[in-house]
Amino acid sequence: MPACPDWDLAELVRHTGVVHRRAFHIADTRAKERPGWDSLPDAEAPADAAGLTRWFEGGSRRPAALPRERGPAEPVRSWAGRVVAVPR
């Protein structure tokens, strides 16, 4: 049984893109509190396919670069609320 049976591909991409932005915001700002969805920069996804693709790609590159920039062991707040360091 699919987890999101009523979603289409665009909805999945929008959801995942916002999750990428939240993860980046938490790590980039070293947030101590869980940020609200409405506080995320660039969280509004374009409606057209080309814009949605560019928006998704741009949002996924930012969190992917942080381990290289800061080191993979930097502690960060997790989406669940705990501050964790990922073991090497």
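The values are calculated or read from the model by the stated rules, or taken from the named source; none is laboratory data. Just so it is clear, the structure is predicted and the values come from calculations on it, not from any experiment. As a convention, Cβ positions derive from the backbone with ideal geometry for all residues, glycine included, and neighbour counts pool all protein chains shown. Keep in mind that these areas ignore ligands, DNA and RNA; they rest on the heavy atoms of the full protein, side chains included. Shrake-Rupley method; radii C 1.70, N 1.55, O 1.52, S 1.80 Å.
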Cut-off 12 Å between beta-carbons: net charge of the residues surrounding residue 62, Lys and Arg +1, Asp and Glu -1:
0
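If each DSSP helix of 4+ residues adds -39,500 (n - 2.57) and the sum is divided by the residues in the chain, what number results at 222 nm, nearest 500 deg cm²/dmol?
When only DSSP H runs of four or more count, the value is -17000 deg cm²/dmol.
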What do you get when you divide the Cα radius of gyration of the chain by 2.2 N^0.38 Å, with N the number of residues?
1.18
Stretchable slack from residue 6 to residue 44, in nm (0.36 nm times residue separation minus alpha-carbon distance):
11.6 nm
Taking every other residue with Cβ under 12 Å from the Cβ of residue 40 and scoring Lys and Arg +1, Asp and Glu -1, one gets 0
What residues qualify as long-range amide H neighbours of residue 78, i.e. H under 5 Å apart, gap of 5 or more or another chain, H built at 1.01 Å from N?
83, 84
Using Cα atoms only, what is the angle between the long axis of helix 49-70 and the major principal axis of the chain, expressed in degrees (0 to 90) to the nearest 10?
10 degrees
Using amide H atoms built in the peptide plane, which far-off residues or other-chain residues are under 5 Å from residue 42 H to H?
none
Taking only protein heavy atoms and a 1.4 Å probe, what accessible area per residue, in Å², does the chain have with all protein chains in place?
72 Å²
Taking Cα atoms only, helix 9-29 is inclined relative to the longest principal axis of the chain by an angle, in degrees rounded to 10, of 20 degrees
How much of the accessible area of the chain, in percent, comes from carbon and sulfur atoms when a 1.4 Å probe is used?
59 percent
